[in-house]
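Single-structure report; data block below.
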Amino acid sequence: MDTAILYTIIYCFFAGIFVAPPSEFVSAGITIQNLLSDWLGSEDFNFIYYHIKRTSATLIVHSLIPLGYYLGLGLFAPELNLFSLDQTGIGWLVYLLSSLLLPGLSAICVLYWHRKKWDYHPIARQLNLLGDANSSWRSVASSINVEFRRVDKFTSGTPSRLVAVTDSWIIKTSTYNVYVAHQNDIHLSLSDSEEHALSYQNQMAVQYLNIQVSPVESGLKPFTIRLNSLELGDLKEKLQAPIRNARNIVIHQSLSDRFLQAFVETVQHNSVFIPPPEMELEQCIGCMQKTSNVKLQRQCEVPPDDVPQPPEAAPACLQCFCRPMWCLECMGKWFASRQDQLRPDTWLSGKSPCPTCRATFCLLDVCRIHGGTSD
Ligand SMILES: [Zn+2]
Ligand SMILES: [Zn+2]
Ligand SMILES: [Zn+2]
């Protein structure tokens with residue numbers, strides 16, 4: 001094959017991997033964040049400044065790709081005479097000029113962004129819209145940085161295509177930009193889903209969900225976040241607004257999410273515990289967010305003593321005397337964690353010890369508290 005064509009194919013391949021690295025290559029070291037890690041600083045510690053620098057560097061480095069192609073082609077295909085300008089064709093001269101112009105314009109653009117310590121960078125301008133009239137974008141940036149340092153944030157994706165949800169912010173990074181919205185200022189809607197079969201032999205398929213984040217009052221542009229449907233449960237835990245599913249997209253849930261749903265639905269049919277008037281309901285000690293809303297009370301039938309039980313039978317349920325300390329979801333997660341993880345079909349009929357006193361209970365014994373919240 002002609003060396004020039006071969007070189008072109010190889011160059012396009014590597015430039016493609018460099019510009020939009022598949023996740024397998026992200027840790028392999030040929031990304032801008034790995035190449036410039038010293039200059040970029042720490043993403044965890046200084047999220048916004050890290051991405052201001054990353055997007056600026058990305059723009060400049062990517063703008064050098066056409067010039068790199070020209071120089072490489074000149075070396076690999078000397079017959080094109082690319083380095084003697086009087087002998088190359090007018091087409092190549094135009095290409096060379098534009099590939100020199102491109103990094104020049106990018107550099108001017110980044111210099112403009114950099115004025116007044118990055119005041120003109122698109123990310124900074126965006127944050128300006130998120131702060132109140134008297135504060136600068138820097139106070140919004142520091143709020144985001146502080147929340148991004150916390151370990152309880154939700155994250156998904158790779159550094160240049162990251163989705164992060166902190167207590168107040170929802171963030172998406174892309175190659176040349178970062179999108180930010182405040183949790184109190186958004187409508188979320190499930191806009192689309194894609195399914196990819198992992199293999200044709202088993203039924204396993206990965207489902208990706210596209211969720212549109214539409215800022216309401218700040219006037220920022222809407223953006224779409226994309227994630228694996230199995231991550232939806234974790235995402236929802238961190239979100240304050242519901243995700244509308246107007247198109248009724250069927251979501252593939254993770255096993256634990258599906259069990260939790262079945263657990264909550266089953267418990268709705270159980271008897272309800274009416275707390276004595278002096279009883280004060282405290283916060284759930286599992287999630288520290290909801291008020292405790294379940295009480296374990298033996299409701300199931302006790303096997304009579306004279307009927308011999310098979311030795312492998314689960315222990316009979318016992319009365320638990322603990323005060324309510326858990327919410328329904330946390331109780332469901334605890335229950336699932338005590339089941340045989342390889343046999344999910346048996347979970348609903350399984351038993352578990354009370355998380356506090358270890359008294360055995362089954363699903364029938366989980367009673368909602370009258371007047372308690374049950375969402
Ligand atoms: Zn809880
Ligand atoms: Zn108990
Ligand atoms: Zn029971």
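Bear in mind these aren't lab numbers, they're just calculated from the coordinates by the rules spelled out. Every value quoted in this text rests on a predicted model; they were computed, and no experiment measured them. For neighbour counting, all protein chains shown are included, and Cβ atoms are generated from backbone atoms with ideal geometry for every residue, glycine included.
Tabulated data for the structure shown
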| quantity | calculated |
| --- | --- |
| Largest-first principal axis extents of the Cα set of the stretch 3-124 (Å) | 51, 35, 19 |
| Net lengthening on full extension, TRP334/SER168 (0.36 nm per residue, minus Cα-Cα) | 57.0 nm |
| Segment TYR120-ALA107, extension gain: residue separation times 0.36 nm, minus the distance between their alpha carbons | 3.3 nm |
| Charge dipole (debye, nearest 20) of the stretch 29-138; +1 at Cβ of Lys and Arg, -1 at Cβ of Asp and Glu | 420 |
| Within the chain, helix-based [θ] at 222 nm, where runs of 4 or more DSSP H residues each add -39,500 (n - 2.57), nearest 500 | -11500 deg cm²/dmol |
| Rounded to whole Å, sorted largest first: equivalent-ellipsoid semi-axes of the chain, Cα gyration tensor | 57, 27, 16 |
| Separation of the HIS187 and ARG323 label points, Cα + 7 Å toward Cβ, nm | 4.5 |
| Semi-axis lengths, Å, the stretch 135-252, gyration tensor of Cα atoms, sqrt of 5 times eigenvalues | 27, 16, 13 |
| Rounded to 5, percent antiparallel among DSSP beta bridges of the chain | 90 |
| Unit charges on C-beta of K, R, D, E only; dipole of the chain, Debye | 860 |
| Percent of Cα-Cα distances greater than 15 Å, calculated over the stretch 84-145 | 64 |
| Pair ASP44, ILE30: separation of 7 Å Cα→Cβ label points (nm) | 2.8 |
| Positive dipole terminus of the stretch 3-124, leading residue within PHE14, SER106, LEU64 (C-beta point charges) | SER106 |
| Distance between the stretch 134-161 and the stretch 325-364 - C-alpha centres, whole angstrom | 36 |
| Chain lengthening between THR356 and ASP132 when straightened (0.36 nm per residue, less Cα-Cα) | 76.0 nm |
| Residue-wise HN-Hα coupling along the stretch 178-190, computed from phi with Karplus coefficients 6.51, -1.76, 1.60 (Hz; x: Gly, Pro) | 10, 9, 10, 9, 8, 4, 7, 10, 9, 10, 10, 9, 6 |
| Inter-probe distance in nm under a simple model that places probes 7 Å from Cα toward Cβ, at SER214 and GLU265 | 3.0 |
| Taking the stretch 3-124 and dividing mean pair separation by its residue count, relative contact order in percent (alpha carbons under 8 Å, at least six apart) | 23 |
| Span-rule helices in the chain, defined as complete DSSP H runs reaching 27 Å or more along the axis (Cα) with Kyte mean at least -1.0 | 90-118 |
